[in-house]
Amino acid sequence: MSEETTRFVYVTYIFSTPEKVFEAITRPDVTRRYWGHENVSDWKPGSTWQHVRDNDERTVNLIGKVVEASPPRRLVITWADPSRADDPAAYSRVTFEIEAYEEMVRLTVSHDELEAGSGMDKGIRQGWPIVLSSLKSLLETGRGMDVFSKPKAA
């Protein structure tokens, strides 16, 4: 059971408000604009959440539970591939810390309890930087980036 775990932390500064950043993470109509997916939940602790692809198939790419929700400052969720939903060891945890910082927001995303070297570990290290850059672009300019055109790692 003692698989080695790792963590990934990403910090960005966004000209926005904590309320708008929290909303951008939790409202499906906003997440689809910068992520190409919708984060779907009622965002109450203990509730499930799904990461649903915004396309005709509406594929559920990730699932988990809401661990903590303190709008607009903090959101903690578990995170797993739906194909491994029955394996408690397959879940990692994502914490969104949203802090007012002068006229900006400091957004810190910590993704931990990751199996070191796993496909999920590698995927989030590529994925979070482009997703959070796209979130920043959307909130600052009104336009997100195409996260699916990201370059492949060398």
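Please treat every number below as a calculation from the coordinates, not as lab data. The shown structure was predicted, so the numbers you read here are calculated from the model rather than taken from an experiment. Neighbour counts run over all protein chains shown; Cβ positions are idealised from the backbone, glycine included.
What value, in deg cm²/dmol to 500, does the helix sum -39500 (n - 2.57) over DSSP H runs of n ≥ 4 give at 222 nm once divided by the residues of the chain? Computed mean residue ellipticity for the chain: -8500 deg cm²/dmol.
Report the relative contact order of the stretch 85-154, percent, no decimals, based on alpha-carbon pairs under 8 angstrom and at least 6 residues apart. RCO, the stretch 85-154: 18 percent. Take the convex hull of the alpha carbons in the stretch 97-142; its mean projected area over all directions comes to 3.8 nm². Residues PHE148, PHE96, PHE15, arranged from fewest to most other Cβ atoms within 10 angstrom of their Cβ, appear as PHE148, PHE15, PHE96.
For the stretch 5-145, lysine pairs separated by 8 or more sequence positions, or belonging to different chains, with Cα-Cα distances below 24 Å total 6.
The GluC sites (Glu not before Pro) of the stretch 83-122 that meet both conditions, a loop assignment by DSSP and at most 11 other Cβ atoms within 10 Å of the site Cβ, are GLU102, GLU103. Modelled spin labels at THR141 and ARG106, positioned 7 Å past Cα toward Cβ, are 2.6 nm from each other. The ranking of TYR10, TYR34, TYR101, TYR91 by Cβ neighbour count inside 10 Å, starting from the fewest, reads TYR101, TYR10, TYR91, TYR34. The Rg/Rh ratio for the stretch 5-145 is 0.94, where Rg is the radius of gyration of the alpha carbons and Rh is the Kirkwood radius.
Each Cα pair under 8 Å and six or more residues apart adds its separation to the average, and for the chain the resulting relative contact order is 28 percent. Working value for the stretch 13-73: equivalent-ellipsoid semi-axes of 20, 16, 7 Å, each the square root of 5 times a Cα gyration tensor eigenvalue, largest first. Quick one: net charge around ARG58, please, counting Lys, Arg +1 and Asp, Glu -1 for every other residue with C-beta under 12 Å from its C-beta. Here the charged neighbours net out to -2. The slack between VAL9 and ARG73, meaning 0.36 nm per residue of separation minus the straight C-alpha distance, is 21.4 nm.
A simple rule links phi to the HN-Hα coupling: the Karplus curve 6.51 cos²θ - 1.76 cosθ + 1.60 with θ = phi - 60°, which for the stretch 46-55 gives x, 6, 7, 9, 9, 10, 10, 5, 7, 8 Hz, with x for Gly and Pro. Taking trypsin sites (Lys or Arg not before Pro) as exposed when their DSSP state is a loop state and no more than 15 other Cβ atoms lie within 10 Å, the longest site-free interval of the chain runs over 74-142.
The string of couplings for the stretch 75-91 from the Karplus curve (6.51, -1.76, 1.60, θ = phi - 60°) is 9, 10, 9, 8, 8, 7, 6, x, 5, 10, 4, 7, 9, x, 6, 7, 8 Hz, one whole number per residue in order, with x for Gly and Pro.
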